[in-house]
Structure formats: structure tokens, C-alpha cells
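A quick write-up on the structure given underneath.
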Ligand SMILES: Nc1ncnc2c1ncn2[C@@H]1O[C@H](COP(=O)(O)OP(=O)(O)OP(=O)(O)O)[C@@H](O)[C@H]1O
Ligand SMILES: [Mg+2]
């Protein structure tokens, strides 16, 4: 109660006056002096009131102090809770670098207890061979009066395990520039460092692999060339033999010729893969190229009861590329589509500008489609599911498209069919962008 002190004090004062009056007038029988009595009573009550008021005020102050103390304790607890529960190590050192505060994460990080680590120099926990470098960096930051610094370091846990940490340090200076101490956090970056190392290793292996591949490619090209020449002579002499061969030998020779043809196909595809042909990148109307290819393959398709339908949304779509190489890509894709439809069907070719301003070509068939295992291996050299296939068709396509900076995607459903989408940068869009950039300059 706010006025408790004042009420109790005044009541006590009043009781005092009454007791005094009783003793004075009734026990000692002094004559009544109203004036003195009133002055005396008022004085006592006045003093009681102020004493009571003082009591009330100090009581209020005390209560407020207690409340504040409780709030400070609560805040402290909360702060401690936050500090102790974050994953990073939080530390505070004095000017000599000795730990003055460490949170709980320190124990998980290093395996050392907080108690045994406090008042020890922070450098003691860093690998010996990095200690000097870290000390040099910190001294440099201090001499430059930097407020913050950050570094990676390796350390050894109590159980001998090597780990990596990233430390962010805030350096506190006095007004005359003397270092007072540091506050900072340490986070565990061991995983990141290991991932980076793995990535670097992988890059190195890839570089070696691709070098090996290019050497293998050159070798293959050499061998293909070497094999091709004797093959031509074999072919020629066999032709001569055929002229006066009997029926049986003729039949065998037919098989030999078809096998030679197959060897020639493999060799020429190997040569394309290994040895880049002379390519000339020009501005080409891809609609025209597609039209040529579809007309070229249409007669072949009809033999298998297949119709090639074209849906060209524009009459002209320009891209930059080598027409012969792109024809090879389109022929391979249509050949695959034909081979995927043993019972006939329709192949549809679409060419359009998509919503990202790219030239998008689609080759869609209603063939057998592909299983996931086949899809995963698509484009791998010599991967084929066909008895007479070389498995180089798509490898060549991918290589040519990669050289053209084009993207290729495949959608395939077993028993439903397959669609290959190829995305090229449109020359129109590129030229428009360039013009706009020039105008904006
Ligand atoms: N349109 C398609 N439909 C179903 N399967 C396909 C299609 N295109 C490719 N494939 C699958 O991908 C494999 C690899 O195709 P790729 O063109 O590289 O070689 P190939 O056709 O087998 O032989 P090559 O083209 O050298 O004569 C094929 O064997 C086939 O299983
Ligand atoms: Mg093929």
C-alpha cells in the first residue's frame, strides 16, 4: 500500500499525543492549556506525517530497485542462455590474448573444458605451424588500428583430431589507441574446407581425364586413318573377286561388304569425334536447314511407314552455327526417332521462339521411349541398345551442340515416345540486344 507508512506513523503520533495528554491531565492533574496542546498535537502529527512519508518513499524506492534487479538478472540469464546455446564459440580476451570468457560451444569445438582454458593464451590452441602466421596477422591489425579482422586457422582438438575454424575478431582500443582486449566468434568450417579440397581434387582428376581423353581421341583418329586405307584396298580387291565368284561365295561376300560398310561408318564417326572438321560459323536460317533435312529423310521414313510433320511458327529463325554440323545433329535425331518406331507413326518437328527469346527446336516421336537406365547413359560414347548401332550418334550431337553453345533436353516416356528440345541463342535477339546497348550508351 502506497500510504501505509504515513497512516501507521500518524496513528502512532496520535496515540502518543493521547497517552501524553492522559498522563499529563489525568494522572499528574496539570491544568489544561488548549493552545499549547494544539501546537504540540499538530507538531507531533506533522513530524509523524513526514516520517511516514519518508518511510513510504524509501519503501517505494526499495521495491523499484528490487524489480530492476530482477529484470537485470532475467536479462543476464537470457543473454547467457543465448551465448551458451549458439553454435559458434564466443570469446573475450584481454590485451595479452588470454581468454576471459568462453561460451559452452568451446568445449565441443576443442574438447577442452572452459575452466581449464580460461586465463590461457588463445594462441596455445592453434596448430604450432600456424601460430606465427596468425600472430603476425593480429599484430598487423593492431598496428593498423583495425577494428575488425577475420582469418581461417587449423587447430587440434584434445583427442588429436585436426579441425578448421574461421575466427572473426573485434579489437577494442582505449582512447589513446592501446589495445584493451578482443571479442570474437569462431565457427567450424572443417566441412567447407574438406568440400573445397575435394572439389579441387575432382577438378584436377577431371583435367587429367580430359587430357587423357583428348590423347585417346588423337590416337583413335590416327588408328582410324591407318585402318581406313587398307580397308579401301580390301574393299577393292573383294569387288574384283566378286566378279567371278559362285553363288555361295557371293552370299558370303555380301555379308563381308555390309560389315566393311559398318566399319567405315564407325571409322568416319570416330574421325568426326576425334578430329574437329573445319567449321564455319555463319548466320543461318534454321528453318531452311530443318526443311532440307526433313525432305532428305522423308523418303527413308516413308519406307518405315513414318510421316515427318513440320510445324514452323516463323518462316525465318536465325542462329549462328555451322550448317553441315547442325544437319548432322538433326539427321542423327531423326534417324534415332525412325529407329524407335518399328511400327510406324509420326515424327513432329517444331521450331519457334520461346518465352526466353531462344530458338527452340523440338524433335518428337511416338516410338518406344527410354527407360531411366538408358536416359542416364544417353550421350555416352558407344552406348547403344541397338544390335547394329555404334552408339556414337548422340555423342556427336552433344559435342556439336556444346560447341554451338546450345542446350539440349530430353523428355521420354516408355511406350509413349521421346522429345528432344534444342535451345539456341537467337541471332535476332542478340542483335537487338546489341543495338539497344549501343543506343543506351
Ligand atoms: N528417339 C529415341 N527413342 C528411343 N530411344 C532412343 C532415341 N534416341 C536415342 N535412343 C537411345 O539412345 C541410344 C543411343 O543413341 P545413339 O544415337 O547415340 O546411338 P545409336 O542410335 O544406338 O547408334 P548410332 O546412332 O551410332 O547408329 C540408342 O541406342 C537408343 O537406345
Ligand atoms: Mg543413333
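Dividing the mean sequence gap of close Cα pairs (under 8 Å, 6+ apart) by how many residues the stretch 61-219 holds gives a relative contact order of 19 percent. In a Gaussian network model over the chain where Cα atoms closer than 10 Å are linked, find which of 386, 120, 248 has the largest mean-square fluctuation. Maximum fluctuation in the GNM of the chain, among the listed residues, is at 248.
What per residue convex hull volume, in Å³, comes out for the stretch 4-83 when only alpha-carbon positions are used? Intermediate values should be presented prior to the final figure.
Working: hull volume 5.3 nm³, N = 80.
In the stretch 4-83, the Cα hull volume divided by residue count equals 67 Å³.
A compact globular protein would have a Cα radius of gyration near 2.2 N^0.38 Å; the ratio found for the chain is 2.09.
Once you order the gyration tensor axes a ≥ b ≥ c over the Cα atoms, which shape class does the stretch 330-381 get: rounded for a/c under 1.5, otherwise prolate or oblate by comparing a/b with b/c? It comes out oblate by the Cα gyration axes. If you take the alpha carbon atoms of the stretch 305-438 and fit the smallest convex hull around them, that volume is 122 Å³ per residue. For helix 247-274, what angle does its Cα long axis make with the longest principal axis of the chain, in degrees from 0 to 90 and rounded to 10? The angle comes out at about 40 degrees. Treating r as the C-beta distance of residue 246 and residue 383 and R0 as 35 Å, the FRET efficiency rounds to 0.30. Across 18, 394, 102, mean-square fluctuation computed from a Gaussian network of the chain (C-alpha pairs under 10 Å connected) peaks at 18. The relative contact order of the chain, computed from alpha carbon pairs under 8 Å that lie at least 6 residues apart in sequence, is 8 percent. Take the stretch 49-94, drop everything but the C-alpha atoms, weight them equally and run the Debye formula without solvent; then report log10 I(q)/I(0) at 0.16, 0.27, 0.29, 0.33 Å⁻¹ to two decimals. Ignoring solvent entirely, the Cα scatterers give -0.61, -0.91, -0.95, -1.04. Of 381, 342, 31, which has the largest mean-square fluctuation in a 10 Å C-alpha GNM of the chain? Judging by the Gaussian network model, the answer is 31.
Binning the alpha carbon pair distances of the stretch 220-349 at 5 angstrom intervals from zero yields the distribution 2, 9, 13, 13, 14, 14, 14, 11, 6, 3, 1, 0, expressed in whole percent. Pairs of C-alpha atoms in the stretch 30-70 farther apart than 11 Å represent 69 percent of all such pairs. In terms of its alpha-carbon gyration tensor, the stretch 1-144 comes out prolate; a/c meets the 1.5 threshold, and the first ratio a/b outweighs b/c. Pairs of Cα atoms under 8 Å, at least six residues apart: use those to get the relative contact order of the stretch 4-83, whole percent. Taking the mean separation of contacting Cα pairs over the length of the stretch 4-83, I get 48 percent. Per residue of the chain, the DSSP helices (runs of n ≥ 4 H) give a summed -39500 (n - 2.57) that works out to -19000 deg cm²/dmol at 222 nm. With the biggest extent put first, the Cα atoms of the stretch 96-183 measure 42, 25, 16 Å across the principal axes.
Annotation for the stretch 394-421 versus the stretch 142-219: alpha-carbon center distance of 41 Å.
Just so you know, all these numbers are worked out from the coordinates, no wet-lab data involved. All figures in this text were calculated on a predicted structure; none of them were measured in a lab. Neighbour counts run over all protein chains shown; Cβ positions are idealised from the backbone, glycine included.
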